[in-house]
């Protein structure tokens, strides 16, 4: 019995339809990205090219931004993999309009226009706000530790730097002594003008390593002096404001301060830090922060720093919320890692309510007597006691209970499911470049929310 198959001739030309619009199904993400890019303000990128008109004609910024957004939406961040999308992915080929930029061009575009691409985040917030996706009824904040493009095994503590530096100095002095002895012996053996074996390469290797360690040690010492100077200025300002001497031991002068022996510096990415991730493991990384709106989980503010503690990020992120949206959230929530007296009292409006538990919420809700009495006035309570009182009210308990379903899914969507190619680590080194990359990720998150909410499968015109 014969079997009938459809014709199969992979060698024949023109397997794809002549029109690129016939490649993709109706409503494909590539069409949505194309229409979205037409709405974006890319003036910052255009102005960069106007400053220097020399050289060959470059790719249209709309094409490059469209390809980048399409790649980021598919969790592709490597320049080589983005270049591969323009060759092998139908959506990438459509957005590239038949061009095939190589990975060097894509990488150079991101480096040259890093700040302009980072500004797409603000545009994403305002697009979502104009579409009615941001109400600021409730803004929740959280963060997670992002791995840096560096190994924690390439870090060295200050104490080890001092011992290693002394050891390398001894080895260099020993090699120099050996070199002098060898020169004298070879002069007698070969003559003064004849070349012979040398140990210069080994000497240079140790001198290079010593220079790197010395530079890292000096950076740690400068950082310790700056922290001491800031602490001293803060103490003096407080004493001048209150007119009273601050109790406790007077801090040492900045020039006398030395870093702690456990203070570390990474040689691959010196601006990254050792941080404890949610899993409990210690990683070399950065701290990525985001504040999300309750309506559609749109990220309305984001920040990435090399500070491991969460509390110092609350005030600047909330100020960024007001700058990006032009309004003040009615309710702000964050977990216990953000609690401080300053954060609880921080607020541009008296109508803004802030809920940050000073401890685990279960303990706070059970604490109705003992440390404070419900009969006491607000002025008689500390910041922690006022927050406990606010959290035991039905309104406060309900508001804080909503926090985890507002902002925590945002990080789940960014990181993806286990085993998926989500965003777990930055690919670029240095704090500025890592910040740009985090803003791109948050902007892509918002753009995808915007497209799903507003776009009705456009025709492939």
(message) Can you tell me which of (1) surrounded by 17 or more Cβ atoms within 10 Å (Cβ to Cβ); (2) under 19 Å from residue 449 (Cα atoms); (3) more than 20 Å from the chain's Cα centre (by Cα) is the one residue 83 doesn't meet?
(response) (2)
(message) Given the criterion more than 28 Å from the chain's Cα centre (by Cα), modelled with pLDDT of 85 or more and surrounded by fewer than 16 Cβ atoms within 10 Å (Cβ to Cβ), identify the matching residue among 398, 363, 375.
(response) 398
(request) For residue 57, work out the one condition from (1) at pLDDT 80 or above; (2) part of a loop (DSSP other than H, G, I, E, B) it doesn't fulfil. (result) (1)
(message) Could you check segment 269-302 and list, in sequence order, the residues that are within 17 Å of residue 427 (Cβ to Cβ) and crowded, with 24+ Cβ neighbours inside 10 Å?
(response) 269, 272, 285, 286, 288
(message) Could you list, ordered by first residue, the pairs with Cβ atoms under 8 Å in which the first is in segment 393-405 and within 10 Å of residue 331 (Cβ to Cβ) and the second is part of a helix (DSSP H, G or I), at least 6 apart or interchain?
(response) 396/390; 400/361; 400/391
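For (1) within 24 Å of residue 115 (Cα to Cα); (2) in a strand (DSSP E or B), each residue gets a yes or a no:
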residue: 285; (1), (2): yes, yes
residue: 307; (1), (2): yes, no
residue: 313; (1), (2): yes, no
residue: 328; (1), (2): no, no
(request) Please state which one of 439, 403, 425, 429 is surrounded by 15 or more Cβ atoms within 10 Å (Cβ to Cβ), over 16 Å from residue 145 (Cβ atoms) and at pLDDT below 90. (result) 429
(message) For the list (1) modelled with pLDDT of 70 or more; (2) outside the structural domain of residue 137 (by TED's automatic domain parsing); (3) closer than 30 Å to residue 438 by Cβ, I need the number of the one condition that residue 212 fails.
(response) (1)
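The rows are residues; the columns are (1) at positive phi; (2) modelled with pLDDT of 90 or more; (3) surrounded by fewer than 16 Cβ atoms within 10 Å (Cβ to Cβ).
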| position | (1), (2), (3) |
| --- | --- |
| 68 | no, yes, no |
| 71 | no, yes, no |
| 90 | no, no, yes |
| 101 | no, yes, no |
| 118 | no, no, no |
| 128 | no, yes, no |
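The values are calculated or read from the model by the stated rules, or taken from the named source; none is laboratory data. Everything numeric in this text was worked out from a predicted model, so none of it was measured. Here the Cβ is made from the backbone with ideal geometry for all residues, glycine too, and neighbour counts use every protein chain on show.
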